[in-house]
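Everything below concerns the one structure shown next.
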């Protein structure tokens, strides 16, 4: 069963740089200078700013979890407990491949499109390095 651990580290000072009303629990990038977050700018294996916790419309406040355990949306191929996770380019998380920047590791498994959990403690490592 998916779960979250709140470490009081959610960042509410960001603005949704695009419509994320269907984007709750997707990985997002921080857009330079604007403190805006977007999922659509990601490419597979890119580093991320965190996981968006709400479902903000464009121009409204986006709460982004950067530490602790967060819900996440699983991408193609499913995610399993213990997998190192990376983004698939749509903000969903998948098992990290060689040279992908790791978002975290899976602590609750999920099938494609379903909600799992990611521990963001390994964020920034490069898989296979």
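The values are calculated or read from the model by the stated rules, or taken from the named source; none is laboratory data. Nothing here was measured: the structure is a model prediction, and the numbers come from that model. With ideal geometry, Cβ positions are generated from the backbone for all residues, glycine too; neighbour counts draw on all protein chains shown.
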- Message: Taking the criterion of being in contact (Cβ under 8 Å) with a residue 60 or more places away in the chain and under 10 Å from the mean Cα position of the chain (by Cα), would at least one residue in the stretch 73-85 satisfy it?
- Response: no
- Item | Selection within the stretch 23-46 - over 14 Å from the mean Cα position of the chain (by Cα), at pLDDT 70 or above and in a loop (DSSP other than H, G, I, E, B) | 32, 34, 35
- Regarding residue 110, is this residue in contact with a strand residue (DSSP E or B) (Cβ under 6 Å, 6 or more places away or on another chain), surrounded by 17 or more Cβ atoms within 10 Å (Cβ to Cβ) and more than 28 Å from residue 13 (Cβ to Cβ)? yes
- Scanning the stretch 47-63 for residues that are surrounded by fewer than 23 Cβ atoms within 10 Å (Cβ to Cβ) and within 24 Å of residue 108 (Cα to Cα), the one nearest to the chain's Cα centre (by Cα) turns out to be 49
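Specify which of the listed residues (57, 62) is within 21 Å of residue 31 (Cα to Cα), touching a strand residue (DSSP E or B) at 6+ places or on another chain (Cβ under 8 Å) and part of a strand (DSSP E or B). Walk me through it before giving the result.
Details: 57 fails: part of a strand (DSSP E or B).
Every option except 62 fails the conditions.
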